[in-house]
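I have placed the structure first, in the form of structure tokens, so that the comments after it can refer back to it.
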Amino acid sequence: MELGKRAFKATLTANFTANIVRNVWAYSIIFCGHFPDQTYTFSEEEVADETRGGWYVRQLLGAANIDGGPLFHLLAGNLSFQVEHHLYPDMPRAATRRSRRACATSAVATGCRTTRGRCTSSFGHGAPHDPAPWPFRAERSGRKPGAYRPPSI
């Protein structure tokens, strides 16, 4: 019976440790992909009556890619390519790496930029977010919220 108790305690400890590690890892990937210093958040008023092009611009500005090697991207489930994941949520995750160049080219063509960096540099620089710059903020642009139409989208 003593062996059963030791095995139970060892399993419980291993499961607890695995859950903690998984939760910290998931939090890190989610935080670094959504909340670095250079991403923007949008209020409900700013996205009211949003055009399809405005939605794409918001995805470009509201997410960040995380730099890392092939093993890092594998362990992150390719969610390190958050911009591509936000632009094309139904795309298989294995294809997000291949779409990175096309997304960056589209961002440049629309006058936007994508945010990327190492996960370690995102902590301590995230929230609170700066509001979105003109023309993405209605009160600064004088436009109706969500009325921004980026060129060539």
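The values are calculated or read from the model by the stated rules, or taken from the named source; none is laboratory data. None of these values were measured; they are calculated from a predicted model. As a convention, Cβ positions derive from the backbone with ideal geometry for all residues, glycine included, and neighbour counts pool all protein chains shown.
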Exercise. Can you find a residue in the stretch 53-70 that is exposed (fewer than 12 other Cβ atoms within 10 Å of the Cβ), more than 23 Å from A107 (Cβ to Cβ) and out of contact with any Asp or Glu (no Cβ under 6 Å at 6 or more places or on another chain)?
Worked result: yes
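Filter the stretch 74-118 for residues that are among the polar types (S, T, N, Q) and farther than 17 Å from Y40 by Cβ and give the result.
Taking the stretch 74-118 first, the residues among the polar types (S, T, N, Q) are 78, 80, 82, 96, 99, 105-106, 110, 114-115.
N78, S80, T96, S99, T105, S106 - these are the residues of the stretch 74-118 that are among the polar types (S, T, N, Q) and farther than 17 Å from Y40 by Cβ.
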Exercise. Mind checking which residues of the stretch 45-69 are in a helix (DSSP H, G or I), over 24 Å from N23 (Cβ atoms) and not charged (D, E, K, R)?
Worked result: V47, G53, G54, W55, Y56, V57, Q59, L60, L61
Problem set entry | Checking P36 against (1) in contact (Cβ under 8 Å) with a residue 40 or more places away in the chain; (2) assigned to a helix (DSSP H, G or I), the condition it does not meet | (2)
Exercise. Does A76 satisfy being at pLDDT below 85 and small (G, A, S)?
Worked result: no
